[in-house]
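Report on one structure; see the data block that follows.
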Amino acid sequence: MIPTSFDYVRAGSVREALGLLALGDGTKVIAGGHSLLPMMRFRLVQAPKLVDISRLEELRGVQEYKKGLRIGATTTYAELARHPLVRERCPVIAEVAADIADIQVRNRGTIGGSLAHADPASDMPAVMMALDAEFQLRSKKGGRRTARAREFFKGAFVTDMTEEELFTDILVPGMGRNAAVYVSFDSAASGYALAGVCASIGRKRATISDISVAVTGVAEVVFLAGALERMKDTKCDAAVLAAAAKEAVAGLEIAGDVHAPSSYRRHIAEVAIIRAVERAYQRAGA
Amino acid sequence: MATLFGSGIKRREDPRLITGQATYVDDVKLPGLAYAVFARSPYAHAKITRIDVSAARQAPGVIAVYTGADVKDRLVPVPCAWNVPNCDLKIPAHPLLAYDKVRYAGDAVAMVIAETRAQARDAVDLVDVDYEPLRATADPEQATQPGAARLHEEIPDNIGFTWVVSGGDAAAAFQHAEVAVSQRIVQQRLLPTAMEPRAAVAQYNRGSGQLTLWATSQNPHIHRFLCSVMLKLPEHRIRVIAPEVGGGFGSKIPAYPDEALVSFAAMELGIPVKWTEDRSENYKVTIHGRDHIEYVEMCGTRDGKITGIRTRVYAGLGAYASTAAPGIPTILHGLVYSGSYMIPNIHGTIYGVYTNGTPVDAYRGAGRPEAAYLIERLVDIFARKIGMDPIEVRRRNFIPKDKFPYTVATGLIYDSGNYEAALDKALGILDLKAFRAEQAKARKDGRYLGMGLVSYIEICGLGPSQVAGAVGFGGGLYDSAIVRVYPTGVVKVYIGASPHGQGEETTFAQIVASEFGYPVENVEIIHGDTDNTPQGWGTYGSRTTAVCGSAVKVAALRVKEKAKLLAAHLLEANEADLEWKDDAFRVKGSPDKAKGMAELALMANVAWNMPPGMEPGLEATAFFDPTNFVYPFGTHICTVEVDEQTGQVKILRYIAVDDCGPPINPMIVDGQIHGGVIQGIGEGLQEIAVYDEEAQLVTGTMMDYAVPKASQMPHIEVAHTITPSPVNPLGVKGCGEAGTIASAACLVNAVCDALAPLGITHIDKPLTPARVWAAIQKAKGATP
Amino acid sequence: MERPVTLNINGRSHTVQVEPRALLVHVLRDTLNLTGTHVGCDTSQCGACTVLVDGQAVKSCTTLAVQAEGTRITTIEGLARGDTLHPLQMAFWEKHGLQCGFCTPGMILTAVDFLAQNPDPTDDEIRHAIEGNLCRCTGYQNIVAAIKSAAATLRAGNAGAAA
């Protein structure tokens, strides 16, 4: 398993990386390489040149941003899982990061790389959607722009990014009184989600004042389950929740595959929605 | 030293393995080494209408490119070596490189040799082949139906053999039975997944005419023989070396085209050539296991007596007959249908079916797990039908311990056993009463707990050779050892078997050291090189300790016998007056007059003062051919909780009580059990090789084939009973496959017990959450 | 397309000519003859290729050699101090944590990183920690025991060093 030949440049600055991407010659960005290299080894992806951004300090790390977080694109899952600020401000990100793949992958895999890769079964897109995060993108011609997570994922491995853009930062708004939980049922082989759900819930006493639920792994693309809006102003009534969960996945095109037929995927997505919402509701009340 | 045999000493092979100093095949480096990569068919079934390798030949670094046309008249197709008699066996030619037609996705069409791995890989993309796709199927039942795709012109119905096992009168038994149950069972295809992919390095010396082949082999002598056939090269000009081998589980028994082609290239080009499989290539071309579709029945009386078992089995062979393939679902499967029980009437019809899948051959347990699975599933289904505790049904049908040796209806003679003792021990560990109480309480709370139990037997220690001949096995099933004592007294033992993780460098040293009164460090075990080991038949079928270990013991005793004569001579005593005591030959009554093995070794090797007529030197060779198979047995128990909502199965406890005779090294025996059990749980819970409608393997990487991970697997509680076998001087049975034979059935029995309140009696493995959930929905009358 | 890359491996600096596409594992094995690092899959799952890069367990089959320039790499060959085995190597030997040995180097190096993060793990935590290392022989049970035992040894050693 050897990739086709390519040239390699270790970028000394973001500007240099943007310059190389602006050439429009199919150059791809590599950081941890854990999304790109497996595809390249199977020759499913070929590129004339890789630009390595993994050592650009300005793209790495976690800072306070308003009441939330600014996360550099090349921050690894291992760093997120351990980061005190992430654990305090937005524990669901640390929890999900800590459970992605395995130690070795978490040591190299970066959050920005994974989000830009947009695997329809990966976990973090659902978290970003539920938390209404924003992604900062830069290109030589277009400068900086911000894309809402909720508008970023366009299909399986397809995003709102152009080939010339570099994913630089993630802005996660403050959680306020909200609490978030991610629940997934994973493929025994790959560990990817058959269904993964992130629920973010705010409460006023026993009443749900705010709810966002995002679902990954089930459909062609991660999506926000609007049906769960009806939980707002309820006290997390089980019957309402079950009906809303059913509705959330009812009309979906769900492809079956070797890991689970579509009937099971639909069912397990409902279960994941129910469990995520219930737990987030409990956590928000704690 | 008296305690060395039976002691769990640390393994002697480990220091090199834990420090990165071991040499596996892909680690072999030779000057001028070139690399081979194969171009393989993307289609499962297609005519080849054109192959153009001209661009590949021009690619940077490429030394040569070979196609089927280049080799078909110069090399012999891959042989099948198990010609099971009386079953109308048809073995189609298996060309080393396909030239007219490809029959499975992965069939090789060209071999590229280049200076580097990367260059060879790049050039494979330039091999240009036109295919005319044909209809394909990987389903062994479908493949026998009228109108199915035909793989081999000479086999119109794709049926490679029809083998019948029969004992008693099953038809009459079923006709008159009080109760009969039946079940369709699918025993899915599995991917063996030895962690080390296969590899080969070939070097040919044109001056001496000697070929050296480093190969990932469980049986280098068999590979030498089969390569000699394929290459048309005399056996004495081939040296096969199996250096460190990273697991096999059956997948490194067969002859494959690859190692012969690499050898051919090395001979043609006069340079050494290496080939190493990628994992996804391994999943496509290295043999698979199981692949049965079975219609099985059991009959008996209302008071729990089993009177008959009947089967019809479609056993997938894949596209070609792999080396041992015909023997697996027949001799190693159908003959074992009596299990641990006295079943007077047995009938089985087994169809070996060619399909457009990867060839199927021996995978851990090979035929016997499939047998244990169907028997032990049927016992539970039968017990449910008559409303009797399945444990009681087992007790009522066990072969009693005083009936051994016992001849079952299929004609096998079981060597020794005490099945009830193992069952009782396992139940004692579980605390059955407490579990049933917990289960009853859980059911009231709407939770599904279950207990599965399996009392298996295994036929292993493969020998004797006379039986091998009678059942068409293309080789012997004895094994061999040379025990060579050096002048300083230290010992090297050269063995015919070829361990690859099972620890015989330690256990065999324990055998010899115990015999000689030595510390184990004085004994080295040498294996895996056909140029310095005696003819042997390899490591598989849980045979190495029972057969080759016995050869080691016999050779050691021969050495000791000679040493005793020499001791008598040197001590000026009668041989009859000597006794072996406290690690030396001593004159009875005068224990100070003594000679230990080290001193005798020196005297024998310098030969200054030998008894009249005695040859110098101290070594012996033994070829041990057992008088019968050995029959390990045991009872495993598994308890589970099934999540009704998600279909997830959680294993609560797994208890394994196995009887493999007296353990030489209990630590190693337990390790074999652990590994075997987990492989069977993987089979029961999550492993499945899936082909789509076009016979494409869709679980072609580890992203899709669920090799068990540590976090998915339970802790195993291991215990033993010890019943020696009378058929070998060590009294040992086998332990390598036992765990796998028991555990898949045990898990499925547990889940079916858990879901019994829903009326579920069977779910085909693997019990993925999706399958369990679907079964629950179906039982509840919902459409999943 | 080859270019010189300097890699610091097991305390020694090596400058090698590599193509940018060369994976770290291939450079270790084929160029530098450090064959204790193995390749068991092609989808970054089996962990047989695990090495330590700046102390972190990394799959060397999913790392370009050019990316590793300037890092400190430890392979299984560099883990023991002279003749003194690392406590994890010792524990794998004592607890029979290996059979064919192919997965062992990667398994041990993952455990080195893991125990540095979590010096006193439960069995369950150990099982999760080695999810990225597949073993087909042992059923994992003795590997878990070995890592647990090594953790105790390392804790005792650190306590001794602190005292």
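Kindly indicate the residue of segment A:259-269 that is touching a residue at least 24 places away in the same chain (Cβ under 8 Å) and more than 7 Å from every other protein chain (Cβ to nearest Cβ) and also surrounded by the most Cβ atoms within 10 Å (Cβ to Cβ) among those meeting that condition.
Among residues in segment A:259-269 that are touching a residue at least 24 places away in the same chain (Cβ under 8 Å) and more than 7 Å from every other protein chain (Cβ to nearest Cβ), the one surrounded by the most Cβ atoms within 10 Å (Cβ to Cβ) is A:269.
Please pick out the residue among B:560, B:564, B:581, B:553 that is within 32 Å of the chain's Cα centre (by Cα) and not assigned by TED's automatic domain parsing to the domain that holds residue B:632.
B:553
Conditions: (1) in contact (Cβ under 8 Å) with a residue 40 or more places away in the chain; (2) buried (at least 22 other Cβ atoms within 10 Å of the Cβ); (3) more than 19 Å from residue B:671 (Cα to Cα); (4) within 11 Å of chain A (Cβ to nearest Cβ). Residue C:60 meets all but one. Number of the miss?
Failed condition: (1).
If you go through segment C:97-142 one residue at a time, how many are part of a helix (DSSP H, G or I), surrounded by fewer than 24 Cβ atoms within 10 Å (Cβ to Cβ) and without any contact (Cβ under 8 Å) to a residue 40 or more places away in the chain?
8
Within segment B:557-571, identify whether any single residue is surrounded by 21 or more Cβ atoms within 10 Å (Cβ to Cβ) and either of a type in the set (S, T, N, Q) or in contact with an Asp or Glu (Cβ under 7 Å, 6 or more places away or on another chain) (or both), and answer yes or no.
yes
Do the conditions hold for residue C:40, that is, is it at the interface with chain B (Cβ under 7 Å from one of its Cβ atoms) and surrounded by 24 or more Cβ atoms within 10 Å (Cβ to Cβ)?
It is true that residue C:40 is at the interface with chain B (Cβ under 7 Å from one of its Cβ atoms) and surrounded by 24 or more Cβ atoms within 10 Å (Cβ to Cβ).
Look at segment C:111-130 and say how many of its residues are farther than 19 Å from residue A:79 by Cβ, within 11 Å of chain A (Cβ to nearest Cβ) and not hydrophobic (A, V, I, L, M, F, W, C).
Count: 0.
Within segment A:191-204, can you find the residues that are touching a residue at least 60 places away in the same chain (Cβ under 8 Å) and not aliphatic (A, V, I, L, M)?
Correct list: A:191, A:192, A:196, A:198, A:200, A:202, A:203.
List the helices (runs of 4 or more DSSP H) that sit entirely inside segment A:70-112 and contain at least 1 residues that are more than 25 Å from residue C:60 (Cβ to Cβ).
Helices (runs of 4 or more DSSP H) meeting the threshold: A:84-89, A:91-99.
Taking residue B:323 as the residue in question, decide whether it is closer than 23 Å to residue B:247 by Cβ and in a loop (DSSP other than H, G, I, E, B).
When the stated conditions are applied, residue B:323 passes them.
When both residues are 6+ apart or on different chains and their Cβ atoms are under 8 Å apart, which pairs have a first residue that lies in segment B:174-186 and is farther than 16 Å from residue B:752 by Cα, and a second that is among the aliphatic types (A, V, I, L, M)?
Short answer, once both residue conditions are applied: B:174/B:180; B:179/B:386; B:180/B:298.
Assess whether residue B:331 counts as being part of a loop (DSSP other than H, G, I, E, B) and either at positive phi or within 17 Å of the chain's Cα centre (by Cα) (or both).
Here the answer is yes, as residue B:331 does meet what is asked.
Restricting to segment C:76-90, and then to whatever is under 18 Å from residue C:31 (Cα atoms) and surrounded by fewer than 24 Cβ atoms within 10 Å (Cβ to Cβ), can you tell me which residue is nearest to the other protein chains (Cβ to nearest Cβ)?
Only one residue fits best here, namely C:77.
Would you mind finding the one in B:607, B:594, B:567, B:620 that is closer than 30 Å to residue B:464 by Cα and either of a type in the set (A, V, I, L, M, F, W, C) or without any contact (Cβ under 8 Å) to a residue 24 or more places away in the chain (or both)?
B:620
Suppose the filter is farther than 27 Å from residue A:192 by Cβ, within 14 Å of chain A (Cβ to nearest Cβ) and among the aliphatic types (A, V, I, L, M); does residue C:65 pass it?
So residue C:65 passes the test.
Out of B:694, B:683, I need the residue that is modelled with pLDDT of 95 or more, in a loop (DSSP other than H, G, I, E, B), at negative phi and of a type outside the set (A, V, I, L, M, F, W, C). Which one?
Testing whether each residue is modelled with pLDDT of 95 or more, in a loop (DSSP other than H, G, I, E, B), at negative phi and of a type outside the set (A, V, I, L, M, F, W, C) leaves just B:694.
Looking at the structure I just gave you, is residue B:677 farther than 30 Å from residue B:281 by Cα and assigned to a helix (DSSP H, G or I)?
Considered against the rule, which asks whether it is farther than 30 Å from residue B:281 by Cα and assigned to a helix (DSSP H, G or I), residue B:677 comes out as no.
When you go through B:743, B:725 one by one, which is the residue that is of a type in the set (S, T, N, Q), in contact with a His (Cβ under 7 Å, 6 or more places away or on another chain) and buried (at least 24 other Cβ atoms within 10 Å of the Cβ)?
B:743
Is it the case that residue A:272 is assigned to a helix (DSSP H, G or I), within 14 Å of chain B (Cβ to nearest Cβ), in contact with a Ser or Thr (Cβ under 8 Å, 6 or more places away or on another chain) and crowded, with 20+ Cβ neighbours inside 10 Å?
yes
Residues in segment A:1-26 that are in a loop (DSSP other than H, G, I, E, B) and facing chain C (nearest Cβ under 10 Å): how many?
Within segment A:1-26, residues that are in a loop (DSSP other than H, G, I, E, B) and facing chain C (nearest Cβ under 10 Å) number 6.
Determine which member of the set A:62, A:105, A:92, A:29 is under 18 Å from residue A:122 (Cβ atoms), crowded, with 20+ Cβ neighbours inside 10 Å, of a type in the set (Val, Ile, Thr) and more than 14 Å from every other protein chain (Cβ to nearest Cβ).
One residue alone meets the criteria, A:92.
Does any residue of segment A:215-230 turn out to be in a helix (DSSP H, G or I), among the aliphatic types (A, V, I, L, M) and without any contact (Cβ under 8 Å) to a residue 40 or more places away in the chain?
Among the residues of segment A:215-230, at least one is in a helix (DSSP H, G or I), among the aliphatic types (A, V, I, L, M) and without any contact (Cβ under 8 Å) to a residue 40 or more places away in the chain, which makes the answer yes.
Considering only strands (runs of 3 or more DSSP E) fully contained in segment B:197-306, which possess at least 2 residues that are over 27 Å from residue B:476 (Cα atoms), within 22 Å of the chain's Cα centre (by Cα) and within 14 Å of another protein chain (Cβ to nearest Cβ)?
none
Only one residue in B:124, B:112, B:129 is over 34 Å from the mean Cα position of the chain (by Cα) and aliphatic (A, V, I, L, M). Which one?
Being over 34 Å from the mean Cα position of the chain (by Cα) and aliphatic (A, V, I, L, M) holds for just one of B:124, B:112, B:129, which is B:129.
Take the conditions closer than 21 Å to residue B:406 by Cα and modelled with pLDDT of 95 or more and apply them to residue B:340. Does it pass?
yes
Just to be sure I understand, how many residues within segment B:392-413 are within 24 Å of residue B:467 (Cα to Cα) and out of contact with any strand residue (DSSP E or B) (no Cβ under 7 Å at 6 or more places or on another chain)?
So the count comes out to 2.
Name the residues in segment B:618-637 that are in contact with a helix residue (DSSP H, G or I) (Cβ under 7 Å, 6 or more places away or on another chain) and either in a loop (DSSP other than H, G, I, E, B) or within 14 Å of chain C (Cβ to nearest Cβ) (or both), would you?
Passing the criteria: B:618, B:625, B:626, B:632, B:636.
The values are calculated or read from the model by the stated rules, or taken from the named source; none is laboratory data. Since the structure is predicted, the reported quantities are computational estimates derived from the model, not experimental observations. Glycine gets a Cβ as well: all are built from the backbone with ideal geometry, and neighbour counts include every protein chain shown.
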